[in-house]
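Colleague: What follows is a single structure, and I will ask about it in a moment.
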Amino acid sequence: MPPSLRASVSLDSGWRFLRADVPGAEAPLFNDSSWSSVSVPHTWNALDGQDGGSNYYRGIGWYRKHFTPAASLAGRRLWLQFDGVNQVADVWVNGVRLGQHRGGFAGFRFDATSSLKLGQDNVVAVKADNRAAADVAPLSADFTFFGGIYRHVSLTGVDPLGVRMGDYGGPGVYLRQRSLSDASASVEVTTRSWNNRGSAARVRVRAVVADHAGVVVGESVSAVRSVNAATGFDTVQTVTIPRPHRWNSKADPYLYSASVEIIDADTGVAKDVVTQPLGLRLASVDASSGFSLNGKRLRLNGVNAHQDRQNAGWAVSADQQREDFDLMDEMGVNALRTAHYQQAANVYDLADARGYVVWTEIPLVNEVADTAAFRANAQQQLLEMIRQNFNHPSIAFWGIGNEQKTSNTATNNLLRDLAASVRAEDSGRLSTYASHIGDLDPVSSHADLAAYNKYYGWYDQSSTGPGAWADRLHARDPLRKIALSEYGAGGSVVQHEENPSPPVTTSRWHPEEYQTLVHENSWAQLKTRDFLWGTFVWNMFDFAVDSRSEGDTLGRNDKGLVTYDRSVRKDAFWFYKSQWTDTPFVHLN
Ligand code: GCU
């Protein structure tokens, strides 16, 4: 694989932080010496916000950092990249405002070329605001909205003749599998580039695919084209891969990589290289036989997961993220719903490498605002999610929302438009939506795939499991592609009852044994319903909800199968492990 030609530096360390709004804090000479020293990923709620009672800080926080970009970056376009700030971020460099990003979960970047002084001290200032904003989804949801720069920050220098950086935060290289058979695969590579030199250029684009060992197995070199100064240009080329090795879920998550080089045709020198993961697979959903991967039915034994952790909030480290995947692997999970939002890039990298089938979604939770600004923001978050994550083979489903409380015109029109945007952006994947009102309500019919959040045995104690519901819906509408997007029950690890039986009270008494019972009953019914395209436990991990006080814990949702600090695997974890893996529980040496 051609090595990257970009110059990238981490800007994670050496920030000053104040949890308040301060007029003029963007000014380069502002005195921040009394502020605390922090590194990002950082959140201002991790330690003091999780005590319940809706009392955590939702407001403005400021971050400032001095740094000296190397003089060797001269001649490059300089992009300041934020992987995630919750939820509205305003960014300045040396007092010059670069822009604002609205939305807490997508990455974003600004062109800082004309504001940065190379080889000299510069000041980046960020105002982050985690209050609810009337035009930004989610307006409300059952989780804590941690505030701050909670993912990485970096600066990347790119040649002015290169892959485009301003594309909704996406990589600028998009891989579309056009055909796949045992004999060959054909992948269409779209490269969005630009010529930011002050003069015209002659360019070639070379796309190569390498196998897992780095051996090039397919290549396409474009004809030379002339590009005027300050012009964007797209190149579409096809790479053929003989005898493809498929990405096949956990059994064999085989990855190729695809690289695109932008070559100055006058000198023959490559100016920019972008490398992306490539997994070749066929995924489909049938209303009677469920999900198939590479032509074989694959039961999606799924879980939902948030992105938080005790004492870290959303500022989850790479090691913690790996530990979460280790726990899911141990339990035999093969499908993940990143409820209720786009998560960090390394979540999708881990899912690609470990063979998870992923449903990822935008945070359109509970309600919409009937305004043009809200609709535009929802569309923006959808495009960011799709472009930024387009090349991850693990992602099979794009989620357009969760549990809208009312099925009014504004909600239905927005869901309809979001489903249409998914089709326009990515014809290779399916859209889905997690519903909880009326099984045939229009809200559940806009996306390609229907899915339902059902809490039999918990919020709904009319039956002990979802089997009868699923059969009824399937019989009423045999063409509807149905999944169970959430099911579960609260489980406290310090409340116990030997023979728990319904009715339970969902507010205070959450014996762990009752959670296990709900899962045993549910799974016994789900495992025989082959028409379901997936089932997803709510939730793999306990997670922070500041407004909740339930079971023995304040500020948590305790429906996880593992505790918030990951120290206890609850009984229901062991139950699923017994169902979903062949690993013996006891090793006798
Ligand atoms: C919902 C919802 C989740 C929530 C869960 C619960 O229906 O989609 O965000 O946390 O149920 O109440 O535990």
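Colleague: Which of (1) β-branched (Val, Ile, Thr); (2) away from the ligand (no atom under 16 Å from the Cβ); (3) modelled with pLDDT under 95 is the odd one out, the single condition Ile482 does not satisfy?
Modeller: For Ile482, the failing item is (3).
Matching residues to (1) at pLDDT 95 or above; (2) within 30 Å of Val208 (Cβ to Cβ); (3) not polar (S, T, N, Q):
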{"residue": "Glu261", "(1), (2), (3)": "yes, yes, yes"}
{"residue": "Val273", "(1), (2), (3)": "yes, yes, yes"}
{"residue": "Gly279", "(1), (2), (3)": "yes, yes, yes"}
{"residue": "Gly290", "(1), (2), (3)": "yes, no, yes"}
{"residue": "Leu293", "(1), (2), (3)": "yes, yes, yes"}
{"residue": "Asn301", "(1), (2), (3)": "yes, no, no"}
{"residue": "Asp329", "(1), (2), (3)": "yes, no, yes"}
{"residue": "Asn334", "(1), (2), (3)": "yes, no, no"}
{"residue": "Asn346", "(1), (2), (3)": "yes, yes, no"}
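Colleague: Among the strands (runs of 3 or more DSSP E) lying completely within segment 240-305, list those that include at least 1 residues that are among the hydroxyl-bearing types (Ser, Thr, Tyr) and farther than 30 Å from Lys454 by Cα.
Modeller: The qualifying strands (runs of 3 or more DSSP E) are 256-264, 269-278.
Colleague: Continuing with the same structure: Name the pairs: first residue in segment 133-148 and assigned by TED's automatic domain parsing to the domain that holds Val545 and among the β-branched types (Val, Ile, Thr), second residue away from the ligand (no atom under 16 Å from the Cβ) and assigned to a loop (DSSP other than H, G, I, E, B), Cβ to Cβ under 8 Å, at least 6 apart or on different chains?
Modeller: Listed pairs, sorted by first residue: none to list.
Colleague: Has segment 500-507 got at least one residue that is modelled with pLDDT of 95 or more, within 16 Å of the ligand (Cβ to nearest atom) and either in a loop (DSSP other than H, G, I, E, B) or not assigned by TED's automatic domain parsing to the domain that holds Arg556 (or both)?
Modeller: No, there is no match, as no residue in segment 500-507 is modelled with pLDDT of 95 or more, within 16 Å of the ligand (Cβ to nearest atom) and either in a loop (DSSP other than H, G, I, E, B) or not assigned by TED's automatic domain parsing to the domain that holds Arg556 (or both).
Colleague: Separate question: Determine the pairs where a residue that is outside the structural domain of Tyr341 (by TED's automatic domain parsing), located within segment 385-413, has a partner that is away from the ligand (no atom under 16 Å from the Cβ) and modelled with pLDDT of 95 or more with Cβ atoms under 6 Å apart, the partner being 6 or more residues away or on another chain.
Modeller: none
Colleague: Given the conditions (1) within 16 Å of the ligand (Cβ to nearest atom); (2) in contact (Cβ under 8 Å) with a residue 60 or more places away in the chain; (3) assigned to a helix (DSSP H, G or I), report the number of the one that Ala470 does not fulfil.
Modeller: (1)
Colleague: Here's something else I'd like to know. Give me the pairs, please: first residue somewhere in segment 545-564 and in contact (Cβ under 8 Å) with a residue 24 or more places away in the chain and under 17 Å from His496 (Cβ atoms), second residue anywhere and in a strand (DSSP E or B) and within 11 Å of the ligand (Cβ to nearest atom), beta-carbon distance under 6 Å, and either six or more positions apart or on two chains.
Modeller: Qualifying pairs under 6 Å: none.
Colleague: Still on this structure, I have one more. Could you tell me whether Glu520 is modelled with pLDDT of 95 or more and in a strand (DSSP E or B)?
Modeller: Criteria not met by Glu520.
Colleague: Among what's in segment 527-565 and is in a loop (DSSP other than H, G, I, E, B), under 23 Å from Ser140 (Cα atoms) and hydrophobic (A, V, I, L, M, F, W, C), pick the residue that is farthest from the ligand (Cβ to nearest atom).
Modeller: This residue is Met540.
For every residue, the table says whether it meets (1) within 16 Å of the ligand (Cβ to nearest atom); (2) within 30 Å of Asn402 (Cβ to Cβ).
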site	(1), (2)
Ser140	yes, yes
Phe146	yes, yes
Val158	no, no
Gly170	no, yes
Ser181	no, no
Ala200	no, no
Val208	no, no
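Colleague: Conditions: (1) more than 16 Å from the ligand (Cβ to nearest atom); (2) within 19 Å of Gly169 (Cβ to Cβ); (3) of a type in the set (A, V, I, L, M, F, W, C). Leu73 meets all but one. Number of the miss?
Modeller: That leaves (2) as the condition not met.
Colleague: Looking only at residues that are hydroxyl-bearing (Ser, Thr, Tyr), touching a residue at least 60 places away in the same chain (Cβ under 8 Å) and more than 16 Å from the ligand (Cβ to nearest atom) in segment 331-383, which one is nearest to Leu139 (Cα to Cα)?
Modeller: So, considering only residues that are hydroxyl-bearing (Ser, Thr, Tyr), touching a residue at least 60 places away in the same chain (Cβ under 8 Å) and more than 16 Å from the ligand (Cβ to nearest atom), the one nearest to Leu139 (Cα to Cα) is Thr371.
Colleague: Scanning segment 446-467 for residues that are in contact with a Lys or Arg (Cβ under 8 Å, 6 or more places away or on another chain) and modelled with pLDDT of 95 or more, which turns out nearest to the ligand (Cβ to nearest atom)?
Modeller: Restricting to residues being in contact with a Lys or Arg (Cβ under 8 Å, 6 or more places away or on another chain) and modelled with pLDDT of 95 or more, the top hit is Pro466.
The values are calculated or read from the model by the stated rules, or taken from the named source; none is laboratory data. What you are looking at is a predicted structure, and each value in this text was computed from that prediction instead of being measured. All Cβ positions, glycine included, derive from the backbone under ideal geometry; neighbour counts span all protein chains shown.
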